[in-house]
Amino acid sequence: MPRNKKKNGKGGQHGAVQPFSDEDASIETLSHCSSLSDVTSVADEGGEASEDTAQEDFQYKLKGFIDSTVDKSAKTRQGALDGLKTAMATRILYEFISERRMTITDSIERCLKKGKGEEQRAAASLACLLCIQLGSGIESEEVFKTLKPIFKNILADGSANIQARQAVATSLGLCTLVAEDDILDVQATMECFESLFTRSYARADGTCPSISPQMSQLHVNALLSWALLLTICSANQLKGVLKTHLPRLQRLLESDDVNMRIAAGETIALLFELARDIDSEFEFDEWEELCNKLNALATDCNKHRAKTDKRKQRSVFRDVLKAVEEGDFQSETIRFGTERMTIDSWVRKRTYDAFREFVGSGMNYHLQGNEFIRDVFELGPPILVDSATMKAMKISRFERHLHNSAAFKARTKARSKFRDKRVDVGEF
């Protein structure tokens, strides 16, 4: 039932938004039932409220969150930002958001300028989700035009909260992809990222700079955002990047941070893919040396590294090595509703990973209904599915359990068959 719409006298505090579970990211998300709403079922399924009432109650909550972003209490502002983030990650709210985009933008700007740590992180993520909701156009350009200078100031400010800088590095990359309309401004933003991650390059004598884990994560985020923007660069820009950065990116493979090594490896694979799209006969002078480094990382058995890090690293670098040597990519199929999408290139993988980082388990829902994201992945207009089809597609919990068990057994057998026992010698 809808709540009493009398506002709290202490600044409009509202109930916390319920998180969106992985199970909700399946076909069930096509229904109007939402974890963000107090109404858990629609009227034709025996629920107590109609869809219109549920929608009205849901929008009332969102308005309350927007109001609470200017509350005096930092805790209340943080909760409001998180509530809006969850809503935008798990629902398509274009009409509601479009009417209030400047109000939300002003709130984000205020939280970025005056907030601390977690509040700034939440505001940066919300800015990105706002652009994703609005899509590529004048509306998102207006939002980004307001927030971009603040993002860049925080990113360049060495005294700013490191977690805020990490969040801004990620958000600035995707916001630029969505809302930037000038390729020269894209290039300027890429240079901001370069000024960060190049500090992690190994020195000429082979030694690695001493960098704290938090700072290293900032450099990783900057590198991944830089790689994301590579996917929209012109051929001439890519040629310049290949000449300037491809030889130097190898130095990041020697980093002590496993996340940096992996990010560098995936970026190198992406660059090779883009280079071969421009010139199928592309050759790299240091190709043999690079392949030796990648092979060493793909079969790394160093005892001083954690086993989990080595497993993660070897899995990624086997794919990176194939990309560099053979131009190959291990494709992956994403299923959502009645549709499926194939991740069949490093460009598509980097783009998919960037969007998924913000919308999380709501990615399937956005792939189904967000016109902008569907356009990015060339999926065409959203496909409408009626309730009868949706019910027919649902499977019971027991059937899902059997399917997962069978998949687990098959995966275990395949891994046991093809695992190279020699790689694991000395790990235990």
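The values are calculated or read from the model by the stated rules, or taken from the named source; none is laboratory data. This one's a predicted model, so the numbers in the text were calculated from it and none came from an experiment. Neighbour counts run over all protein chains shown; Cβ positions are idealised from the backbone, glycine included.
Taking the condition surrounded by fewer than 22 Cβ atoms within 10 Å (Cβ to Cβ) and either under 15 Å from the mean Cα position of the chain (by Cα) or of a type in the set (A, V, I, L, M, F, W, C) (or both), does A160 pass? Break it down into steps so the answer makes sense when it comes.
Values: surrounded by fewer than 22 Cβ atoms within 10 Å (Cβ to Cβ): yes; either under 15 Å from the mean Cα position of the chain (by Cα) or of a type in the set (A, V, I, L, M, F, W, C) (or both): yes.
So A160 fits the description; yes.
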Tabulated pairs, the range 336-350, first under 14 Å from L274 (Cα atoms), second assigned to a strand (DSSP E or B), C-beta under 6 angstrom, 6+ apart or interchain: K349/I343
Among the residues of the range 104-116, is any closer than 16 Å to S171 by Cβ, within 22 Å of the chain's Cα centre (by Cα), in a helix (DSSP H, G or I) and small (G, A, S)? no
Hey, does the range 147-168 have a residue that's among the aromatic types (F, W, Y) and touching a Ser or Thr at 6+ places or on another chain (Cβ under 8 Å)? yes
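Checking the structure you have, find out if any residue of the range 171-181 is small (G, A, S), more than 23 Å from F96 (Cα to Cα) and assigned by TED's automatic domain parsing to the domain that holds D82.
Filtering the range 171-181 down to residues small (G, A, S) leaves 171, 173, 179.
Now restrict to residues that are more than 23 Å from F96 (Cα to Cα): 173.
Still in the list and also assigned by TED's automatic domain parsing to the domain that holds D82: 173.
Within the range 171-181 (the criterion being small (G, A, S), more than 23 Å from F96 (Cα to Cα) and assigned by TED's automatic domain parsing to the domain that holds D82), the answer is yes, since at least one residue qualifies.
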Report, by residue number, each residue of the range 218-276 that is hydroxyl-bearing (S, T, Y), surrounded by fewer than 17 Cβ atoms within 10 Å (Cβ to Cβ) and farther than 22 Å from E180 by Cα. T244
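How many of the residues making up the range 91-112 are more than 19 Å from I138 (Cα to Cα) and touching a Ser or Thr at 6+ places or on another chain (Cβ under 7 Å)?
The total comes to 3.
Find the helices (runs of 4 or more DSSP H) located wholly in the range 264-366 whose residues include 2 or more that are among the basic types (K, R) and out of contact with any Ser or Thr (no Cβ under 8 Å at 6 or more places or on another chain), and list them. So that I can check it myself, show each step before the final result.
On the way: elements: 287-298, 307-326, 346-359.
In the range 264-366, the matching helices (runs of 4 or more DSSP H) lie at 307-326, 346-359.
Hey, among D344, D309, D328, D319, which residue is over 28 Å from S361 (Cβ atoms) and not hydrophobic (A, V, I, L, M, F, W, C)?
Values: D344 fails: over 28 Å from S361 (Cβ atoms); D309 fails: over 28 Å from S361 (Cβ atoms); D319 fails: over 28 Å from S361 (Cβ atoms).
Criteria check complete, one pass: D328.
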Residue count, the range 173-191, condition surrounded by 19 or more Cβ atoms within 10 Å (Cβ to Cβ), under 15 Å from L155 (Cβ atoms) and of a type in the set (A, V, I, L, M, F, W, C), comes to 3
